[in-house]
1. Just 101, 16, 46 to compare: in a GNM of the chain, with alpha carbon springs under 10 Å, which one fluctuates most?
2. For the peptides 163-174, 129-140, what is the packing order when you average, over each peptide's residues, the other Cβ atoms within 10 Å and list the highest mean first?
3. How much mean residue ellipticity at 222 nm does the chain get from its helices, if each DSSP H run of length 4 or more adds -39500 (n - 2.57) and you divide by all residues, to the nearest 500 deg cm²/dmol?
4. Starting from the Cα of residue 24, step 7 Å along the direction of its Cβ; do the same at residue 128; then give the gap between the two resulting points in nm.
5. Select from 68, 80, 35 the residue whose mean-square fluctuation is largest in a Gaussian network model of the chain (Cα-Cα springs shorter than 10 Å).
6. Which of the three applies to the range 146-186, rounded, prolate or oblate, going by the alpha-carbon gyration tensor with a ≥ b ≥ c and a/c under 1.5 meaning rounded?
7. Roughly what % of Cα-Cα distances in the chain sit above 23 Å, to the whole percent?
8. Is the range 111-185 rounded, prolate or oblate when judged by the Cα gyration tensor, a ≥ b ≥ c being the square roots of its eigenvalues, rounded requiring a/c under 1.5 and prolate requiring a/b larger than b/c?
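Every number here is computed from the coordinates shown, using simple stated rules; none is lab data. This one's a predicted model, so the numbers in the text were calculated from it and none came from an experiment. Quick reminder, even Gly has a Cβ in these numbers, built from the backbone with ideal geometry, and neighbours come from all protein chains shown.
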């Protein structure tokens, strides 16, 4: 595993829209499972159990959110995927639920930018890698990270926590040295 000289954690984004989509998907699954329980082709208790489990996880996540703890719906989405898989012709929807469960973790992962002497890596999906030679400047000032690219693109992000002036000075000196190395190498 690669180690980086600096890892900057950016301010958390709002996941309200992601959570809303997850909640809607769980409600749809629960309604479908309850409907399947009452249809002629599937009177099995399994559909009702899947509906109860999905609803229980949804209620748990809403309770977590009210307590100020970030909810993770992926377990409920996985239960939904298994429930859809157990239904006739539900395999395609099961894949959608499985994909949503996997993507939720990636979307809610804390946004970080890592720096070493060779590259800058942003832990997005997919990971974005930049070489120092692609940059004009990198500055950390007053809790704001600014990356100025040579292609006129500008990335400005707030940091999750406050930094000291000494740390900002240390990081800015580090960035300036790496930028100068690539300037003299070209």
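1. Its mean-square fluctuation being the largest, the pick is 16.
2. Values: 163-174: 13.3, 129-140: 16.3.
Ranked by mean Cβ neighbours within 10 Å, highest first: 129-140, 163-174.
3. Details: 5 runs with 97 residues, N = 186.
After summing the helix terms and dividing by the residues of the chain, the value is -18000 deg cm²/dmol.
4. With each label placed 7 Å out from Cα toward Cβ, I get 2.6 nm.
5. Residue with maximal mean-square fluctuation among 68, 80, 35: 68.
6. It is oblate, given that a/c is not under 1.5 and a/b is not larger than b/c.
7. Working: 9660 of 17205 pairs.
Within the chain, distances greater than 23 Å cover 56 percent of Cα pairs.
8. Numbers: a/c = 1.67, a/b = 1.14, b/c = 1.46.
Since a/c reaches 1.5 but b/c is at least a/b, the shape of the range 111-185 is classed as oblate.
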